[in-house]
Amino acid sequence: MYRTHTCGELRIQNKLNKVILSGWVQRMRELGAMTFIDLRDRYGITQLVVDDKSTDEVRKITAELGREFVIQAEGEVKERSSKNPKIPTGDIEIAVEKITVLNKSEIPPFTIEDNSDGGDDLRMKYRYLDLRRNPLKQALILRHKMAQEVRRYLDSQNFLEIETPYLIKSTPEGARDFVVPSRVNAGEFYALPQSPQTFKQILMVAGYDRYFQIVRCFRDEDLRADRQPEFTQIDCEMSFVEQKDVLQMFEGLAKHLFKNVLNVELQEITQMTYADAMKYYGSDKPDIRFDMKLHEITELAKGKGFSLFDNSEYIGAICAKGCSAYTRKQIDELTEWVKRPQIGATGLIYIRLGEDGIKSSIDKFFTTEQLQEIANETSAQQGDLILVLCGAKKKTQGQLGSLRLEMGNRLGLRDAKLFVPLWVVDFPLFEWDNDTQRFYAMHHPFTSPKPEHIDKFYSSNNEDIENVNANAYDFVVNGVELGGGSIRIFDRNLQQRMFEILGFTPEAAESQFGFLMNAFKYGAPPHGGIAFGFDRFCAMFGGSDSIRDYIAFPKNNNGRDVMIDSPSPIDNSQLEELSIKLDLKKR
Ligand code: ASP
């Protein structure tokens, strides 16, 4: 028997018990004739003591131990003379009577401590050592708990967990596919799913009216910080539902998770239209933990002879409460901040409502009354600072939205303990892309238009089409998009029209999505669903911005798994079998 107990289990009640523990040597300390060993396993740490009462054999083996050796120790549970209230086993220790080295360890390349001295790359390469550290262990335990609670809730609501294939068909819509060559069908390729979207819809046609899956998805996108080429979704679909039914069901899931995992009572989930989100927050995923809304001041600010304003489509402001005393240096710093390429503003204009009246960087062009009008528009009062950006509308709103978040950070308004969810609804169905001169589906091509916009959907006028809203919704918490979904098209003709707007010829639509269109011939029910980013949900619950810590074996920022060293070249013989000829020179 390797162990009678785990390293997190023994308490003072176990005093005098004879026990066997197995685990890793976390740390050793010598104090005169005594050696203390912290023995660690998944469950915790228990202190072992070897002293002059121990046998020579035990002392000899102890002298040869090192960090991360795997050992088995047998002995008696004793009350500690100096207790450690910081760990649950801190009242006891084990007086070692027998010790066995189960396996030696080389000295690890970084310390296995909560705050390790190892850099990112090193820890990724030795992920199995990193995973021994508490923070990562807690992250994976949290992830497990989340998955269990997701299943518990959805099961209680009659959802069936059904797997869908990983080797599917490549389609040009959406992100880039990862593809897998088929050996037995030379020259042909599978694609890994970006999501099980079409399969879950086909399950609805098949009558499985409540489906879910905690499922891996693959997207070959350009890498951005905190994007993983493979990630996990809680993917769900329901039949015979309208938008409000879906929102209600998944509001239930969100509340269940917050309650059962974090013990947080989530407040009512409000709804905001996409148009309002952009107008007031400059973002389709607003952080509504704090106010500081965007105010459009185009009318008030234009035509006063300040050419930067006069040439702008949009002028917008936010009011930073209590910031009128910002120094020149602080304002310069903010100006630099908005000019960084990630934000891309050309400059920042301020109006301060100080004790000595209104002062601004545009005093030359504006009278005090005119500045006061702007102040009124933004509800600014004495003591406040108004920050103004101008330019093309959408872009400037976005920049102002980022500045708002930054000011929220600086002013400590984004309380990490507070969770404020909302549904963003009424997204546009399409986005026009100037480069390719065509419409793209903002969500995906299976999203249904709002019933009241069906006429516009069939219009031949691009402007009408641009104004069609989607029956789609996003679930946003604290400025993070945790999920999104839509009511789907289930009518064959409507789906055909969708493909037509997206620029598919009937033949292309048939060859890529014929299976779905065919399925729609055989009694497709009305249906809709949603998918949540499971990794991100876990990271939010863990209080982290980074999803990587919540994935056991993540890829690095270059999309590489540095532990197994992948991707990697394959043998010529493998290539030959796959009928693939590489011509890397051309790249
Ligand atoms: N499949 C969609 C996505 O991955 C989610 C959905 O519409 O259910 O974004």
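FYI, it's all coordinate maths here, none of it is from the lab. Values in this document were obtained by computation on a predicted structure and should not be read as measured data. Positions of Cβ are generated from backbone atoms using ideal geometry, with glycine treated the same way; all protein chains shown enter the neighbour counts.
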Residue span GLN382 to ILE564: 0.36 nm per residue of separation minus Cα-Cα distance leaves a gain in nm of 59.5 nm
What distance in nm separates the simple spin-label points at LEU411 and GLU299, each placed 7 Å from Cα in the Cβ direction? 2.5
Measure off 7 Å from each Cα along the Cα-to-Cβ vector at LYS329 and ILE214, then give the distance between these two points in nanometres to one decimal. 5.0
Computed ³J(HN,Hα) along region 218-229: with the Karplus parameters 6.51/-1.76/1.60, θ = phi - 60°, integer Hz and x for glycine or proline, the list is 10, 9, 8, 9, 4, 7, 10, 3, 6, 10, 10, x
Taking θ as phi - 60°, what are the ³J(HN,Hα) couplings along region 435-445 by the Karplus curve (6.51, -1.76, 1.60), each to the nearest whole Hz, with x for Gly and Pro? 4, 8, 6, 8, 7, 10, 6, 5, 9, 7, x
A correct Karplus calculation of ³J(HN,Hα) over region 108-120, with 6.51 cos²θ - 1.76 cosθ + 1.60, θ = phi - 60°, whole Hz and x for Gly and Pro, returns x, x, 8, 6, 8, 10, 4, 9, 6, 8, x, x, 3
Please find the FRET efficiency linking ARG176 to ASP114, where r is the Cβ-Cβ separation and R0 is fixed at 30 Å, and quote it to the nearest 0.05. 0.20
Where does the chain land at 222 nm, in deg cm²/dmol rounded to the nearest 500, when only DSSP H runs of n ≥ 4 count, each adding -39500 (n - 2.57), divided by all residues? -8000 deg cm²/dmol
Given the Cα-Cα distance of SER156 and ALA225 and 0.36 nm per residue of separation, how much length would full extension add, in nm? 21.2 nm
May I ask for the net charge around MET272, where only other residues with Cβ less than 11 Å from the Cβ of MET272 are counted and Lys, Arg are +1 while Asp, Glu are -1? -2
Computed about the Cα centre, the charge dipole of region 293-395 from +1 Lys/Arg and -1 Asp/Glu charges at the Cβ has a magnitude in debye, to the nearest 20, of 400
Relative to the chain, whose Cα atoms define the longest principal axis, helix 134-156 and its Cα axis are tilted in degrees, nearest 10, by 60
With +1 on each Lys and Arg Cβ and -1 on each Asp and Glu Cβ, and nothing else charged, work out how big the dipole of the chain is about its Cα centre, in Debye to the nearest 20. 1300
To the nearest 20 debye, what is the magnitude of the charge dipole of region 1-47 about its Cα centre, counting +1 on the Cβ of each Lys and Arg and -1 on the Cβ of each Asp and Glu? 100
A student applying the Cα gyration tensor rule (rounded when a/c is under 1.5; otherwise prolate if a/b is larger than b/c, oblate if not) would label region 422-468 oblate
In nanometres, the difference between 0.36 nm per residue of separation and the alpha-carbon distance of ASN84 and ASP291 is 70.0 nm
Run the simple label-point estimate for GLU57 and ASP363 please: 7 Å along Cα→C-beta, distance reported in nm. 8.9
Does the chain classify as rounded, prolate or oblate by the C-alpha gyration tensor (a ≥ b ≥ c root eigenvalues; a/c under 1.5 gives rounded; else a/b over b/c gives prolate, otherwise oblate)? oblate
In region 193-335, taking the dipole from +1 charges on Lys and Arg beta carbons and -1 charges on Asp and Glu beta carbons about the Cα centre, the listed residue (CYS236, ILE331, TYR280) farthest towards the positive end is ILE331
Along the charge dipole of region 1-60, which of THR55, TYR43, ILE20 sits closest to the positive end, that is, farthest toward it, with unit charges on the beta carbon of Lys, Arg, Asp and Glu (+1, +1, -1, -1)? TYR43
Set the Förster distance to 56 Å, then compute FRET efficiency between TYR440 and THR6 from the Cβ-Cβ distance, nearest 0.05. 0.55
Shape verdict for region 505-587, please, from the Cα gyration tensor: rounded (a/c under 1.5), prolate (a/b greater than b/c) or oblate. oblate
Charge dipole of region 481-563 built from unit charges on the beta carbon (Lys, Arg +1; Asp, Glu -1), centred at mean Cα; most positive-end Cα among ILE547, GLY484, LEU494 is LEU494
